[in-house]
Each structure stands twice: as C-alpha cells, then as structure tokens.
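A short worksheet on the structure shown next.
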Amino acid sequence: MKKNLINLNFRINKLILKQGKLSKISLIIDKAYLLLVKSLKKSPLYILNKAVENIMPLFLLNNKKIGKRVIISPSFILSDYSRKAIGIKWIVEAALKRTGSFHKNLALEILEAFHNRGSVKKRQRDLNSIVLENKSNLKYRW
C-alpha cells in the first residue's frame, strides 16, 4: 500500500521567503530537487517526505517558572502537521548555517536526514535525551 506523498514546497517557501521573490525561491527548490534526483534516482517528494519523517520531533520543551526555579517540562506534539513543520524548519535552519550555495546545502541536509544522520538528526537525539532527563517534570503540564 503506497502512502500519499504530500508536496511540502509551500512550507519550505514560507520558511525561506523573508524578503524576495517567490520565483527565485521556487528556482532554488527546483535546483535542490534536481540534485536529489541525480544522487538517489528516486522521486524528490518521496525523499523529502521520508527525510522529514525521520527527523520529526515527538516532544516540545516548555519552561515553567515555579517560585524562583525554572522547570523544563516536556510535552507531546500530537499534531502531525506541527511535527512536520518543525522538522522542515530544522532542515532549513541547518542548510542556512552551512557555507556555500543554499540549494546544495538544502539538498545535502535532506539527503542526510533521509539516511538518518547529520546535524538535524543530532538535534533530534539531543532533544530526546533532554526529555528523558526531565521526564519527572511531566506533572507540571498544566
């Protein structure tokens, strides 16, 4: 049974487009997709969806101030839409941190997320370890 592949271009466009033209951003995304197709010989939508599924976070961290203490309380992300949005945001931020052309960096980050490695996967592992350290603070989720 084949899952429906969701076109995530509109979310990427919103994250990249701060000031500038939409046509320029769609050209950058098309170049990144072309690099993905050349490297893996698969559909770029399949690659992007699989990469985002690999790095979607399950938890968010909320800071609560109780008296003078600040407590980190983890909370679950129930919405699949929010989880995918955060995953795409992490990929775009990691691509912006790299030096060089953006479309190559975006393609590299998507490939690393597709293969379950890279800086974005490390960020997800770090988040999960913080959640495990603070699992006793789940009672502060009001």
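Overview of results
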| item | result |
| --- | --- |
| Residue satisfying all of: in segment 107-142; aromatic (F, W, Y) and assigned to a helix (DSSP H, G or I); farthest from K14 (Cα to Cα) among these | Y140 |
| Top-ranked residue in segment 12-31 [being within 16 Å of the chain's Cα centre (by Cα) and under 15 Å from A107 (Cβ atoms); ranked as modelled with the highest pLDDT] | I29 |
| Single residue of I55, I47 found to be within 25 Å of E133 (Cα to Cα), surrounded by 18 or more Cβ atoms within 10 Å (Cβ to Cβ) and of a type in the set (A, V, I, L, M) | I55 |
| Every residue from segment 108-118 that is in contact (Cβ under 8 Å) with a residue 60 or more places away in the chain and more than 20 Å from I28 (Cβ to Cβ) | N116 |
| Pairs with Cβ under 8 Å, 6+ apart, first in segment 119-142 and within 23 Å of I66 (Cβ to Cβ), second of a type outside the set (D, E, K, R) and loosely packed, with under 11 Cβ neighbours inside 10 Å | Y140/I66 |
| Condition met for S79 (more than 30 Å from L138 (Cα to Cα) and either under 12 Å from the mean Cα position of the chain (by Cα) or small (G, A, S) (or both)) | no |
| Members of segment 45-71 that are over 22 Å from the mean Cα position of the chain (by Cα) and of a type outside the set (G, A, S) | K64, K65, I66, K68, R69, V70, I71 |
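The values are calculated or read from the model by the stated rules, or taken from the named source; none is laboratory data. Just so you know, these numbers come straight off a predicted model, no measurement behind them. FYI the Cβ positions are ideal-geometry reconstructions off the backbone, even for glycines, and counts take in every protein chain you see.
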